[in-house]
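Comments concern the structure below.
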Amino acid sequence: MRMSFSIRLILGIIITLGSIELKGQTVSKPQKLNVIFDTDANNELDDQHALAYLFSNQDYFDIKAITVNATRNGGDIQGHYDEAARIMQLFNVRQDIPLLKGANNSYLDIKGDLGNPTFDGYKAVDFIISEAQKSTDQKLVVIAVGKLTNLALALEKEPAIANKIRLVWLGSNYPDPGEYNLEDDIPSMNFVLATEIEFEMVTVRYGKPSGTDAVKVTQEEVNTKMPGLGLKIATPIIGRHGGSFNNFGDYAVNLFSKIELHGNPPARSLFDMAAVAIVKNPEWAESSVIPCPIMVEEEWEEQPNNDRKIVIWEDFDKEAIMTDFYTSLKQVHAEPLWQGRGRIAISSDGNEHDNDDWSATALSLAILGAKGIQDNVVLYTYSDHVWGSNLEWPKKEGVLSAYEQMKKSTLEGKEYFGFNKTNFICAVDHPEKAYNEMAKAINESSEDNPLFIVAAGPMQVVGEGINRAKVDKRKYVTLITHSSWNNEHADRPYVSGEQTYVESKHTGWTFDEIRTAFEPKDKGAINLVYIADQNGGEEYEGLRAPIENFDWIKTSKARNDKHYKKGAWDWLYSRLETCIKDNNLDWYGDPNWNKVKSKSFDASDAGMIVFLLTGVEKTNPELVKEIMENPK
């Protein structure tokens with residue numbers, strides 16, 4: 001790396017204890033940086049990816065604000081503001097991080113009006129000044145990925161902030177002329193270069209391998225890797241080009257489909273995202289310190305005797321940057337939906353077909369009990385396969401039927417974990433009561449008393465409950481699901497020999513029908529959250545996991561915590577044992593199960609409870625252990 005002592009010293013200031021793995025090596029993990037991100041968000045699509053990457057790395061960045069400026073291709077300032085707001089909504093940060101309008105016009109057009117308290121861009125400019133003036137042990141990092149108008153105006157208005165800011169600017173083809181951000185306001189760049197601000201230039205260099213232009217992705221790569229990445233939000237956004245999106249990955253695919261691609265194969269560069277990446281990890285590019293140049297008549301003029309120095313970033317490690325981008329979006333999770341207020345309703349089957357509900361119900365009740373929110377669980381409808389129960393399978397002497405197993409998990413779990421106020425209803429025996437009680441719970445909802453419905457079975461009970469509820473109450477309801485089987489079952493009944501005692505074709509509510517009937521604003525605007533399959537997937541375990549990953553239930557010191565009823569943990573483990581699976585033997589009661597070398601417990605539906613309480617979508621038994629060992 002071509003890095004002088006001075007730039008190593010600058011970067012060394014931000015290094016603190018901790019480590020991360022990079023290409024098989026342990027490297028220093030940066031201190032959390034105070035950051036303002038200044039963007040022309042509606043220009044093309046790299047700004048959106050930079051924002052997504054920034055929001056997915058909040059363990060590295062303390063984001064003080066998003067400020068926007070208008071460049072020539074993105075419309076006026078409102079368009080840039082609106083597009084930034086969309087990305088913020090997709091990461092559930094719209095209410096937590098300020099979004100401020102900056103300059104609509106150029107530096108020279110505005111600087112003479114700085115005495116006017118409402119000059120063009122004042123909200124962003126004044127915030128940059130006030131944030132820089134705060135007394136901290138580190139400089140404010142401004143990552144600017146558009147024109148430099150907002151920064152120039154801030155420095156013009158309050159020159160003293162120059163030594164309090166580290167500016168990282170994505171712009172220029174240096175040492176060649178041209179580049180979009182630069183050309184949009186050359187005077188602003190020259191003014192900033194003439195100050196004493198710490199200036200780092202992240203080069204673009206169109207068509208050359210040494211600039212961020214090389215950090216490009218094809219439509220095929222985006223179509224393969226991006227769908228579903230990021231948070232899944234309850235209320236979808238309407239995209240810039242139309243369409244409804246509840247996660248950034250799907251929106252990214254749409255953005256790529258609506259923009260001109262270049263090269264062979266056709267691709268688009270993520271310039272701005274690369275700028276954020278090298279702030280996170282300086283090892284992902286090479287840097288050098290040079291005497292500060294100036295631009296004269298749209299050409300760079302070197303000033304070799306200039307004592308003022310700036311940093312030039314080039315030769316970006318595309319592979320490392322893109323790998324971390326995808327990894328960051330996979331690992332991000334939301335603030336939990338559960339914020340200590342409201343109520344919870346659960347709908348679970350278990351009386352027919354798969355036996356995971358027997359174990360998942362026990363684990364769900366244990367997790368909720370550990371959190372001390374039993375009284376917030378107002379309704380638990382179980383055995384909600386309302387078309388009939390399996391009273392015969394697994395046809396083993398001394399082994400309870402599916403209907404009996406589900407009843408045991410539910411009612412014994414109620415006693416072991418203290419759900420004294422919860423309304424438990426066997427839906428297959430009392431379907432009308434289940435529908436009406438679900439509707440009642442919805443009708444009692446309000447902004448201050450929302451309802452979270454966890455759908456761990458077919459959608460019939462939930463859908464009919466919503467259907468019977470008041471339209472104006474549905475907007476206070478959030479429905480969580482994870483299983484395509486549950487979502488579609490009413491229209492696709494499962495028939496499989498001895499596993500089903502009797503099964504005629506049946507119909508009822510499906511998830512798609514719920515979405516169509518109740519998600520539109522005029523139908524109640526119910527909030528729908530479809531999370532990752534809790535059986536596990538690529539790079540995450542889920543709660544269908546090897547038996548040994550639940551051994552802590554038998555050994556943890558928390559077993560004897562006074563929070564829990566005596567014998568509760570032993571009972572919990574015994575219920576997990578009712579659903580032991582492997583690739584070939586999936587059914588409880590099979591005499592051959594003990595001969596299988598690799599076996600798993602399946603409590604997958606309980607992953608929705610973990611998600612509700614923690615915001616973590618890609619769950620594992622270790623997360624459950626953390627909850628259970630720290631009861632409230």
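Do the alpha carbons of any pairs in Lys330/Lys523; Lys225/Lys258; Lys147/Lys280; Lys111/Lys147 sit beyond 25 Å of each other, and which pairs?
Lys330/Lys523
Per DSSP helix of 4 or more residues, -39500 (n - 2.57); summed, then divided by the residues of the chain. What does that give at 222 nm, rounded to the nearest 500?
The per-residue figure over the chain is -9500 deg cm²/dmol.
What does the C-alpha gyration tensor say about the overall shape of segment 83-177? Classify as rounded when a/c is under 1.5, otherwise prolate if a/b is larger than b/c, or oblate.
Rounded is the answer for segment 83-177, as its axis ratio a/c remains below 1.5.
Treating only the Cα positions of segment 90-138 as identical point scatterers, give the base-10 log of I(q)/I(0) from the Debye formula at each q in 0.18, 0.30, 0.32 Å⁻¹.
Log10 of I(q)/I(0), two decimals: -0.70, -1.09, -1.16.
Kindly list the residues of segment 250-273 that lie in the label zone of Glu220, defined by a backbone N under 18 Å from the point 7 Å along the Cα-to-C-beta vector.
Label zone hits: 253, 256-257, 261-269.
For Lys566 and Leu411 in the same chain, what is the full-extension length gain: residue separation times 0.36 nm, less their Cα-Cα distance, in nm?
That pair, Lys566 and Leu411, stretches by 54.1 nm at full extension.
Cut-off under 16 Å on the C-alpha distance; same-chain residues fewer than 8 positions from Lys101 excluded. Which aspartates and glutamates are left, in chain and number order?
Output for Lys101: Asp38, Asp40, Asp47, Asp76, Asp82, Glu83, Asp120, Asp126, Glu131.
What is the gain in length, in nm to one decimal, between Arg72 and Asp522 on full extension, counting 0.36 nm per residue of separation less the C-alpha to C-alpha distance?
158.2 nm
What is the distance, in nm, between label points placed 7 Å from the Cα along the Cα-to-Cβ direction at Glu301 and at Glu444?
7.6 nm
Counting only DSSP beta bridges with both residues in the chain, tell me the antiparallel percent, nearest 5.
Looking only at bridges with both residues in the chain, the antiparallel portion is about 35 percent.
At 7 Å along Cα-to-Cβ for each site, give me the label-to-label distance between Glu513 and Lys433 in nm.
Simple spin-label model gives 2.4 nm for this pair.
Checking the table Lys554/Lys618; Lys557/Lys632; Lys407/Lys581; Lys32/Lys232 against a 19 Å threshold on Cα-Cα, which pairs fail?
Check vs 19 Å cut-off fails for Lys554/Lys618; Lys407/Lys581; Lys32/Lys232.
Go ahead and run the numbers for FRET between Asn467 and Asp533, Cβ-Cβ distance against an R0 of 22 Å, rounding to 0.05.
For R0 = 22 Å, the calculated efficiency reads 0.25.
Would you mind classifying segment 128-206 by shape? Square roots of the alpha carbon gyration tensor eigenvalues, ordered a ≥ b ≥ c; an a/c under 1.5 is rounded, otherwise it is prolate if a/b is larger than b/c and oblate if not.
It is prolate, given that a/c is not under 1.5 and a/b is the larger ratio.
Calculate the length of the line joining the C-alpha centroid of segment 299-347 to that of segment 56-113, in whole Å.
Between the Cα centre of segment 299-347 and that of segment 56-113, the gap is 16 Å.
Quick check on packing: order 553-566, 250-263 by the mean number of other C-beta atoms within 10 Å, highest mean leading.
250-263, 553-566
Ignoring ligands, DNA and RNA, please state the percent of accessible area on the chain from carbon and sulfur, probe 1.4 Å.
Whole-percent figure for carbon plus sulfur exposure: 46.
Using a 1.4 Å probe, what is the accessible area per residue for the chain, in Å²?
Ligands and nucleic acids excluded, the figure is 41 Å² per residue.
For Glu198, what residues show an amide H to amide H distance below 5 Å, using hydrogens built from the backbone and excluding near sequence neighbours?
Ile165, Leu167
With viscosity set to 0.890 mPa s and temperature to 25 °C, compute the Stokes-Einstein D of segment 152-260, Rh being the Kirkwood radius across alpha carbon pairs; µm²/s, no decimals.
145 µm²/s
Based on the Cβ-Cβ distance from Asp315 to Asp96, what FRET efficiency comes out when R0 is 35 Å, to the nearest 0.05?
Computed FRET efficiency for Asp315 and Asp96 comes out at 0.50.
Are there any trypsin sites (Lys or Arg not before Pro) in segment 338-387 that are in a DSSP loop and have at most 11 other Cβ atoms within 10 Å? List them by number.
Passing both the DSSP loop test and the Cβ count: Arg341.
With charges set only on the Cβ (+1 for Lys and Arg, -1 for Asp and Glu), what does the dipole of the chain come to about its Cα centre, in debye to the nearest 20?
2020 debye
Mind putting together the pair-distance distribution for segment 278-335? All Cα pairs, 5 Å bins, whole percent per bin, short to long.
4, 15, 16, 15, 13, 11, 10, 7, 5, 3, 0
At 0.36 nm per residue, minus the direct Cα-Cα distance, what do Thr136 and Glu283 gain on full extension? Give it in nm, one decimal, please.
50.4 nm
The values are calculated or read from the model by the stated rules, or taken from the named source; none is laboratory data. Because the structure is predicted, anything quoted here is derived from the model rather than measured. Note that each Cβ is placed from the backbone with ideal geometry, even for glycine, and that neighbours are counted across all protein chains shown. Ligands, DNA and RNA are excluded from the accessible area calculation, which covers all protein heavy atoms including side chains. Shrake-Rupley method; radii C 1.70, N 1.55, O 1.52, S 1.80 Å.
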